[in-house]
Amino acid sequence: MNSNSGYNRLFDPMAETGQPLDFAQHGLGQRTVGNPFSEKAKMSVRNLNVYYDDKQAIHDVSLDINRNEVMAMIGPSGCGKSTFLRCLNRMNDTIDNCKVEGEVTLDEKNIYHRKQDVVPLRARVGIVFQKPNPFPKSIYENVAYGPKIHGLVSRRAQLDEIVEDSLRKASLWDEVKDRLFSPGTDLSGGQQQRLCIARTIAVSPEVILMDEPCSALDPIATARIEELMAELSQNFTIAIVTHSMQQAARVSTRTAYFHMGRLIEVNDTRRVFTNPEHELTEAYITGRFG
Ligand SMILES: Nc1ncnc2c1ncn2[C@@H]1O[C@H](COP(=O)(O)OP(=O)(O)OP(=O)(O)O)[C@@H](O)[C@H]1O
């Protein structure tokens, strides 16, 4: 990749003009490089634009997320990763000043269709947040709540089975099996995050969204969650936003690089971290900005 003044300016877009970089002027952001599309898509996003009041946070993003893959979303702070992720299960609907345009499909059905009920949608596309947020209820109730409200069980024995199975899949069962009726909030941060993952799994989602799920955790708890992601990807489709490039490299099969609301590059994770196609991706992964 050549070094020239235009290229160098990309590393510090504010430096010369004091204005955000004009992507059109640099011929950037007109088209995502790499492989944003796939024939095995579980979810497809087309021409997504997202605004907070008049400010545009996502610009014309199109991307497919495959069945049983772990897709990592990376990029500098404020580039729109979380906004994009929240569009995948309409969590942005809960933000008053947020407007979403474009199409997002799950198994080829538009999730923004006016007849789409968001409650079953969010059971099919679950989300785990940055900060573990167990309900102020017992460990058991945290996991049992979703299956109960979604009417997935009719008998107590069935519920017990789902709770145990979900806690096992979240790699937490052995640590909590003797204290299922103590408060979820008494667990350590890492255990609470695994409890939140168990809660998400309990309603049999097809896709799990994770928004920086390890940022509040220590390295040991982080390693547990990362191992878990590899196991979960055998049964679920996972999209994860992470600030940690090491984490993206460790857990994901494909990586999407966002920059100032644009999707710059999507490629196999190994390719992104060893031989990125776009100069902006290269600048980011080599630590020249972000
Ligand atoms: N509720 C909101 N109201 C107004 N602007 C918002 C809101 N949420 C996000 N934004 C803006 O939208 C842009 C994208 O934010 P977003 O949180 O999606 O980025 P991000 O890449 O996830 O950032 P970070 O890595 O810092 O979490 C930013 O400019 C942010 O300030």
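The values are calculated or read from the model by the stated rules, or taken from the named source; none is laboratory data. Note that the coordinates shown come from a computational prediction; the quantities given were computed from them, not determined experimentally. Virtual Cβ from ideal backbone geometry, glycine too; neighbours counted across all protein chains shown.
Observations, loosely collected:
Let's see how each residue does on (1) more than 19 Å from Thr200 (Cα to Cα); (2) away from the ligand (no atom under 16 Å from the Cβ):
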| site | (1), (2) |
| --- | --- |
| Ile74 | yes, no |
| Cys79 | yes, no |
| Leu88 | no, no |
| Thr105 | yes, yes |
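- Scope the range 205-215; condition part of a strand (DSSP E or B) and either over 15 Å from Gln130 (Cα atoms) or among the acidic types (Asp, Glu) (or both); matching residues: Val207, Asp211
- Any hit, the range 91-110, residues being in contact with an Asp or Glu (Cβ under 6 Å, 6 or more places away or on another chain) and in contact (Cβ under 8 Å) with a residue 60 or more places away in the chain: no
- Subset of the range 218-246 (residues that are over 19 Å from Val203 (Cβ atoms) and acidic (Asp, Glu)): Asp218, Glu226, Glu227
- Conditions (1) closer than 28 Å to Thr222 by Cα; (2) under 20 Å from the mean Cα position of the chain (by Cα); (3) not β-branched (Val, Ile, Thr): number failed by Tyr112: (1)
- Annotation note: of Pro136, Pro132, the sole residue that is over 24 Å from the mean Cα position of the chain (by Cα) and under 23 Å from Ser215 (Cα atoms) is Pro136.
- Unique match (being within 16 Å of the ligand (Cβ to nearest atom), of a type in the set (D, E, K, R) and touching a Phe, Trp or Tyr at 6+ places or on another chain (Cβ under 9 Å)) among Glu164, Glu101, Glu141: Glu101
- Qualifying residue in the range 106-118 (condition: closer than 24 Å to Thr242 by Cα and touching a strand residue (DSSP E or B) at 6+ places or on another chain (Cβ under 7 Å)): yes
- Some residue of the range 266-286 being in a strand (DSSP E or B) and either within 13 Å of the ligand (Cβ to nearest atom) or basic (Lys, Arg) (or both): no
- Going through (1) farther than 28 Å from Thr222 by Cα; (2) within 16 Å of the ligand (Cβ to nearest atom); (3) in contact (Cβ under 8 Å) with a residue 40 or more places away in the chain; (4) out of contact with any Phe, Trp or Tyr (no Cβ under 8 Å at 6 or more places or on another chain) one by one, Ala57 falls short only on (4).
- Screening Asp218 with (1) farther than 22 Å from Lys131 by Cβ; (2) away from the ligand (no atom under 16 Å from the Cβ); (3) not β-branched (Val, Ile, Thr) gives one miss only, at (1).
- For the range 225-249, the set of residues classified as away from the ligand (no atom under 16 Å from the Cβ), closer than 20 Å to Ser44 by Cα and at pLDDT 95 or above consists of Thr237, Ile238, listed by residue number.
- Which listed residue, of Gly6, Gly29, is at pLDDT below 95, part of a loop (DSSP other than H, G, I, E, B) and either near the ligand (Cβ under 10 Å from one of its atoms) or of a type in the set (Gly, Ala, Ser) (or both): Gly29
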